[in-house]
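J.: Below you will find the structure I want to go over with you.
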Amino acid sequence: MTAVRLEDVRKSFGANEVLRGIDLAVDDHEVVCLIGASGSGKSTLLRCLNLLEPLEAGRILLGGEEITRRGVDVNAVRRRIGIVFQAYNLFPHMSVLRNVTLAPRDVLGLSRAEAEERARELLARFGLESRRDEYPDRLSGGQQQRVAIVRALAMQPELMLLDEVTSALDPELVAEVLSVIRELAEGGMTMLIATHEMSFARDIANRVCFLDAGLILEEGPPEQIFTRPREPRTQQFLERIIAAGRL
Amino acid sequence: MAREGDRRADPEVARRSRLLEGLRLEGEGARGVAIALLSSLVLAGIIVVAVTQSAGWPEVRRTFFDWGDISSSFPDIARAFVLNVKIFLVCEVFILVLALVIAVLRSLPGPVFFPLRALAVIYTDLARGVPTILVIALLGFGAPALQLTGVPSSRVFWAGVGLILIYSGYVAEVYRAGIESVHPSQEAAARSLGLSRLQALRHVILPQAIRRVIPPLLNDFIGLQKDTALVGTLGVIEAFNQSQIDSNATFTYGAYLAAAALFVAITIPLARLTDWLIARDRRRHQAGGGFA
Amino acid sequence: MSGQTRISLAVAALPVVLLAVVAAGCGSTKPSSSGSTTSASCAKADLNLLSAEKLTVGTDNPAYPPWFGGTPHKPWQVSDPRSGQGYESAVAYAVAKQLGFSKGEVTWTHVPFNNSFAPGPKSFDFDINQVSIAPARAKIIAFSDPYYTINQSIVVNKGTPIASATSKAALKPYELGAQLGTTSYQFIKDKIEPSKTPSVFPTNAGAVQALKNKQIDGLVVDLPTAFYVTSVQVPNSKILGQFPAEPGGEKVAMVFAKGNSLRTCVNKALATLKGNGTLKQLQQQWLAKATGAPILK
């Protein structure tokens, strides 16, 4: 079953065409990693998927239903997709618990008790239960990012989008976030992950897509992309990554 | 050279120099305080002498600073001041609400909401452009003059309405500044969770926005406290009007000082309370996250 | 020791300064302006004037009948002090004539009521504006001898409950109003003692509008002004009555800067005008109507 499909998706910012015809299909329980240079369109792709950006052309289908048609209930779509950003974006005026329970209570209509139970379960699963009454500014970057992931999970989405979620973290905090993502993948969550963490991508991805100048230049299983890329530009990109010691 | 080096190496000498250095710094500090104090007192002395020896001083003292005037007019003015307090307490509540509505209307995006946005802009332009005293005179005398049934004729009521309408324009802009200062990533995060625009405003943006603009909100509140005196132009006796009455009876201005003292007396605790609220809330001031 | 500490110390010194200023005032004995009151000559050339050869008279704007009359010309409104019509205008010109000034040598200047007693040099030689003599006021400025005795009166809308009141006591339950700066307000407070807080208006216009709007039930003004209010300003109003003059009555006089020697000469002129019947004649001419209202006890 296809969880999400993008058909010929195009997106421009002013005169700058960032996505130039993306075709991508992600199956249920599949983990797809997007790699590519900055400016290649990874973040934009994810933001378009979440309807944060309108498309110039193309369609996006979620579970077979077109979510880019006119008149769609945008909020309803967003309930089904979880997204986590590079900058965590926790709500600073709320405790961790409240950050996680806000949307389940106000959007899904859960009672306070139900929402808190769900939140505490998730927080405990990722080792954050003791922090539930703290405010975000008291947490480390890694902890905040894990809370951000939990916050998205609390909505029980069909699909999780992760946009460079470890890029803003100090290296020693990256591992704890990656382990959370790994756990989610092993649990069967459908995920589309934009990342620079190549070893990690190699490890957990079912499929890797290389984005270059707004197009998916190459895609395939991780061993194939990382060891036997077909396109020369993919090769160049990977060489630069290896030279930077990130693979 | 070698001898100095030896001296410094001696631990006892080193300890003594550290002590001396500590004392020297303290001496500098103490001397600085003494100089500042002395120069302030000298300046104060100069001002006092210059003022009290000037040709017009006796007249000014008799008209402005007569303690008898000030103390005898105080009870009436304090009683009249109760009306000022009532007015600004009631009006402020309505202002905070109406201004928020206007600010939110102004922030609605998209072409479908253009009429509402335009309305909000026109409202804030007019409310801030028209002199408050004009609006109060127009409403206080004009509205009852229409003699429509059901329209209240109370001048305090209409002055209150005037103050609410005008100040909502100013406060709406303060709210707007607060709303726009919240990083757009906060709204993006809220919307991504499926919250509607209104829910995002209510739970995520406004709580942060309002905390950021507490000082300018207080500013406008203090301004409102002073503008309650405008109800006196309609003939109602409030603190300033009462002080004018006393002043005109005696041809002195001590009564004005008494009224001023009352206005200042409520401003200061309010300002300190606000400082305390802001300090207490400071922990949550910064958005948690890499680039917010 | 930081600059900040110095600043805060300097600021802390400010209240000390203010207190010292108030305290140091005690015992200061130097007199203000040096205008002596012993000058004997009231010859025109010897008078203490703002500008030589000219008499500058102050009054408020708008200038209302029956105190002033004539068609107003800019900047004056309602009436024109320069016309010589109206009681106060006529008295001013009569006094000026006694002092030796022709009509053309008299200039009028706008002095809002509050400015007439503000400290500092005056913008007028004397101010004539229905200012009542009061001992407290006499400490701040100098009054001439009185040129008129006024009664307070009350204006009401015809056909309203208050319009059937026949005594001072009957006025107690109503909302009354007066203009700021007039002794009318004091009269309300001291002699009528109403149960509802009265209103005090900064302008005549406001007071009149409030009466028209029935936002006040009755407006207390001096009797001559009441005639103007009922005949011109508030249609369908009437003078309910006048209040008998207190022993001695409320007297109006001209305002001078304290110690201004011109006052002596003006008093001499007033004495002459009283003696030869001019003052009475002017009162007959301009204020005759202002005697016809019923007396409210």
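The values are calculated or read from the model by the stated rules, or taken from the named source; none is laboratory data. Small disclaimer: the values here were computed from a predicted structure and weren't measured. Counting neighbours? That spans all protein chains shown, and the Cβs are built from the backbone with ideal geometry, glycine included.
J.: Which one of the conditions (1) in contact (Cβ under 8 Å) with a residue 24 or more places away in the chain; (2) aliphatic (A, V, I, L, M); (3) surrounded by fewer than 18 Cβ atoms within 10 Å (Cβ to Cβ); (4) more than 9 Å from chain B (Cβ to nearest Cβ) does A:Leu108 fail to meet, given that it meets all the rest?
T.: Of the numbered conditions (1) in contact (Cβ under 8 Å) with a residue 24 or more places away in the chain; (2) aliphatic (A, V, I, L, M); (3) surrounded by fewer than 18 Cβ atoms within 10 Å (Cβ to Cβ); (4) more than 9 Å from chain B (Cβ to nearest Cβ), the odd one out for A:Leu108 is (4).
For every residue, the table says whether it meets (1) within 14 Å of chain B (Cβ to nearest Cβ); (2) surrounded by 21 or more Cβ atoms within 10 Å (Cβ to Cβ); (3) on the phi > 0 side of the Ramachandran plot.
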position: A:Ala154; (1), (2), (3): yes, yes, no
position: A:Ser167; (1), (2), (3): yes, no, no
position: A:Val174; (1), (2), (3): yes, no, no
position: A:Val177; (1), (2), (3): yes, yes, no
position: A:Glu183; (1), (2), (3): no, no, no
position: A:Gly187; (1), (2), (3): no, no, no
position: A:Glu197; (1), (2), (3): no, yes, no
position: A:Pro221; (1), (2), (3): no, no, no
position: A:Gln236; (1), (2), (3): no, no, no
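J.: Is it the case, given these coordinates, that B:Gln244 is free of Cβ contacts under 8 Å to residues at least 40 places away in the same chain and either more than 11 Å from every other protein chain (Cβ to nearest Cβ) or surrounded by 18 or more Cβ atoms within 10 Å (Cβ to Cβ) (or both)?
T.: On the way: free of Cβ contacts under 8 Å to residues at least 40 places away in the same chain: yes; either more than 11 Å from every other protein chain (Cβ to nearest Cβ) or surrounded by 18 or more Cβ atoms within 10 Å (Cβ to Cβ) (or both): yes.
It is true that B:Gln244 is free of Cβ contacts under 8 Å to residues at least 40 places away in the same chain and either more than 11 Å from every other protein chain (Cβ to nearest Cβ) or surrounded by 18 or more Cβ atoms within 10 Å (Cβ to Cβ) (or both).
J.: Something else about it: Restrict the check to the stretch B:58-70 and report whether at least one residue is exposed (fewer than 13 other Cβ atoms within 10 Å of the Cβ), modelled with pLDDT under 90, assigned to a helix (DSSP H, G or I) and among the aromatic types (Phe, Trp, Tyr).
T.: At the first step, the residues of the stretch B:58-70 found to be exposed (fewer than 13 other Cβ atoms within 10 Å of the Cβ) are B:67-68.
Within this subset, residues satisfying the condition of being modelled with pLDDT under 90 are B:67-68.
Narrowing further to those that are assigned to a helix (DSSP H, G or I): B:67-68.
Retained after the next criterion (residues that are among the aromatic types (Phe, Trp, Tyr)): B:67.
Looking through the stretch B:58-70, at least one residue is exposed (fewer than 13 other Cβ atoms within 10 Å of the Cβ), modelled with pLDDT under 90, assigned to a helix (DSSP H, G or I) and among the aromatic types (Phe, Trp, Tyr).
J.: May I pose another question? Please verify whether B:Leu20 is farther than 30 Å from B:Gly169 by Cα, at pLDDT below 90, away from chain C (no Cβ under 14 Å) and surrounded by fewer than 13 Cβ atoms within 10 Å (Cβ to Cβ), treating the condition exactly as stated.
T.: For B:Leu20, the condition - farther than 30 Å from B:Gly169 by Cα, at pLDDT below 90, away from chain C (no Cβ under 14 Å) and surrounded by fewer than 13 Cβ atoms within 10 Å (Cβ to Cβ) - is met.
J.: Which number in (1) buried (at least 22 other Cβ atoms within 10 Å of the Cβ); (2) within 14 Å of chain B (Cβ to nearest Cβ); (3) assigned to a helix (DSSP H, G or I) marks the one condition that C:Asp127 misses?
T.: (3) is the only condition that C:Asp127 fails.
J.: Separate question: Determine the pairs where a residue that is closer than 16 Å to B:Leu224 by Cβ, located within the stretch B:254-273, has a partner that is modelled with pLDDT under 95 and charged (D, E, K, R) with Cβ atoms under 7 Å apart, the partner being 6 or more residues away or on another chain.
T.: Here the result reads B:Phe263/B:Lys226, each pair linking the stretch B:254-273 to a residue that is modelled with pLDDT under 95 and charged (D, E, K, R).
J.: Among A:Ala25, A:Ala57, which is the only one that is more than 14 Å from chain B (Cβ to nearest Cβ), within 17 Å of the chain's Cα centre (by Cα) and either of a type in the set (A, V, I, L, M) or within 18 Å of A:Met155 (Cβ to Cβ) (or both)?
T.: Numbers: A:Ala57 fails: within 17 Å of the chain's Cα centre (by Cα).
One residue alone meets the criteria, A:Ala25.
J.: Okay, next question. Tell me which of these A:Arg69 doesn't satisfy, since it passes every other one: (1) of a type outside the set (Gly, Ala, Ser); (2) within 16 Å of the chain's Cα centre (by Cα); (3) more than 10 Å from chain B (Cβ to nearest Cβ).
T.: Only one criterion in (1) of a type outside the set (Gly, Ala, Ser); (2) within 16 Å of the chain's Cα centre (by Cα); (3) more than 10 Å from chain B (Cβ to nearest Cβ) is unmet by A:Arg69, namely (2).
J.: Any chance you could count how many residues in the stretch A:91-105 are more than 7 Å from chain B (Cβ to nearest Cβ) and either of a type in the set (Ser, Thr, Tyr) or more than 20 Å from the chain's Cα centre (by Cα) (or both)?
T.: Here is the first cut: in the stretch A:91-105, the residues more than 7 Å from chain B (Cβ to nearest Cβ) are A:94-101, A:104-105.
Next cut, either of a type in the set (Ser, Thr, Tyr) or more than 20 Å from the chain's Cα centre (by Cα) (or both) only: A:94-98, A:101, A:105.
Selection size over the stretch A:91-105: 7.
J.: A further question follows. Residues that are under 13 Å from C:Leu240 (Cα atoms) and within 17 Å of the chain's Cα centre (by Cα): does the stretch C:174-191 have at least one?
T.: There is no residue in the stretch C:174-191 that is under 13 Å from C:Leu240 (Cα atoms) and within 17 Å of the chain's Cα centre (by Cα).
J.: Please determine, by comparing only the residues of the stretch C:49-94 that are out of contact with any strand residue (DSSP E or B) (no Cβ under 8 Å at 6 or more places or on another chain), outside any loop (DSSP other than H, G, I, E, B) and not hydroxyl-bearing (Ser, Thr, Tyr), which one is surrounded by the most Cβ atoms within 10 Å (Cβ to Cβ).
T.: In this case the residue turns out to be C:Ala90.
J.: Now a separate question. Given the conditions (1) at pLDDT below 95; (2) assigned to a strand (DSSP E or B); (3) farther than 17 Å from C:Ile154 by Cβ; (4) not small (Gly, Ala, Ser), report the number of the one that C:Met254 does not fulfil.
T.: Status for C:Met254: all satisfied but (1).
J.: Then there is this: Every residue in the stretch B:46-62 that is of a type in the set (Gly, Ala, Ser) and facing another protein chain (nearest Cβ under 8 Å), please. Lay out the reasoning, then the answer.
T.: At the first step, the residues of the stretch B:46-62 found to be of a type in the set (Gly, Ala, Ser) are B:50, B:54-56.
B:Ala55, B:Gly56, listed by residue number.
J.: While we're on this one: In the stretch B:183-212, which residue that is at the interface with chain A (Cβ under 7 Å from one of its Cβ atoms) and in a loop (DSSP other than H, G, I, E, B) is farthest from A:Ala154 (Cα to Cα)?
T.: Only one residue tops the list, namely B:Ser196.
J.: Just wondering, is there one or more residues in the stretch C:115-122 that are under 18 Å from the mean Cα position of the chain (by Cα), at pLDDT 95 or above and crowded, with 17+ Cβ neighbours inside 10 Å? Break it down stepwise before answering.
T.: Quick first cut of the stretch C:115-122, residues under 18 Å from the mean Cα position of the chain (by Cα) only: C:115-119, C:122.
Now drop any that are not at pLDDT 95 or above, which leaves none.
No, the stretch C:115-122 contains no residue that is under 18 Å from the mean Cα position of the chain (by Cα), at pLDDT 95 or above and crowded, with 17+ Cβ neighbours inside 10 Å.
J.: Scan (1) more than 14 Å from chain A (Cβ to nearest Cβ); (2) crowded, with 19+ Cβ neighbours inside 10 Å for the single condition B:Gly142 breaks and write down its number.
T.: Only one criterion is unmet by B:Gly142, namely (2).
J.: Kindly check whether there is at least one residue in the stretch C:235-243 that is farther than 24 Å from C:Phe113 by Cα, part of a loop (DSSP other than H, G, I, E, B), in contact with a strand residue (DSSP E or B) (Cβ under 8 Å, 6 or more places away or on another chain) and not aliphatic (A, V, I, L, M). Give the derivation first.
T.: Of all residues in the stretch C:235-243, those farther than 24 Å from C:Phe113 by Cα come to C:235-243.
Then keep just the ones that are part of a loop (DSSP other than H, G, I, E, B); that gives C:235-236, C:243.
The next check asks that each one be in contact with a strand residue (DSSP E or B) (Cβ under 8 Å, 6 or more places away or on another chain); those that pass are C:236, C:243.
Remaining after also requiring not aliphatic (A, V, I, L, M): C:236, C:243.
Yes, some residue in the stretch C:235-243 is farther than 24 Å from C:Phe113 by Cα, part of a loop (DSSP other than H, G, I, E, B), in contact with a strand residue (DSSP E or B) (Cβ under 8 Å, 6 or more places away or on another chain) and not aliphatic (A, V, I, L, M).
J.: Any residue in the stretch C:255-267 that is farther than 19 Å from C:Glu88 by Cα sitting within a Cβ distance under 7 Å of a residue that is in a helix (DSSP H, G or I) and at pLDDT 95 or above? List the pairs, counting only those 6 or more apart or interchain.
T.: Taking only residues 6 or more apart or on different chains, not a single pair turns up.
Per-residue answers, yes or no, for (1) basic (Lys, Arg); (2) more than 14 Å from chain B (Cβ to nearest Cβ); (3) under 26 Å from C:Met254 (Cβ atoms):
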| position | (1), (2), (3) |
| --- | --- |
| C:Arg137 | yes, no, yes |
| C:Thr149 | no, yes, yes |
| C:Ser153 | no, yes, yes |
| C:Asn157 | no, no, no |
| C:Ala163 | no, yes, no |
| C:Pro173 | no, yes, no |
| C:Gln186 | no, no, yes |
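J.: Given the conditions (1) farther than 25 Å from B:Tyr175 by Cβ; (2) part of a helix (DSSP H, G or I); (3) more than 8 Å from chain C (Cβ to nearest Cβ), which single one is not true for B:Gly32?
T.: B:Gly32 satisfies every listed condition except (3).
J.: Could you give every pair whose Cβ atoms fall below 9 Å, whose first residue belongs to the stretch B:134-155 and is at positive phi, and whose second residue is part of a loop (DSSP other than H, G, I, E, B), counting only separations of at least 6 or pairs across chains?
T.: Pairs that qualify, where the first residue is at positive phi and the partner is part of a loop (DSSP other than H, G, I, E, B), are B:Gln147/B:Ser153; B:Gln147/C:Asn213; B:Gln147/C:Lys214.
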